[in-house]
């Protein structure tokens, strides 16, 4: 008695792209709410140029910077230190393509 071996059809893991059908790519828009909580460059969607981008950061002195300046000024006369470091400053998120302002991170003293 001989056993016949049946050949199974080849399994294709991914659907093949048919040349006559258009290929659709869905663009994902990212939520810009995270920009108000992030002092680092962040992925975001720019509604002006309609692109997903990684933001550029611009620093600006704010209330937290001036608070530290007063504390350092009274403690040791070193009131310029907070103005020399970006860590104590507010961050403004800009689009690198169109330079549109996308968000603002405010440095808080406490």
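Any read-out appearing in this document is the output of simple, stated calculations on the displayed coordinates, not a laboratory observation. No experiment lies behind these values; they were computed from the predicted model shown.
See the values below:
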| quantity | calculated |
| --- | --- |
| Chain lengthening between residue 56 and residue 81 when straightened (0.36 nm per residue, less Cα-Cα) | 6.6 nm |
| Mean Cα-pair separation over length for the stretch 38-105, i.e. relative contact order, pairs under 8 Å, 6 or more apart, % | 34 percent |
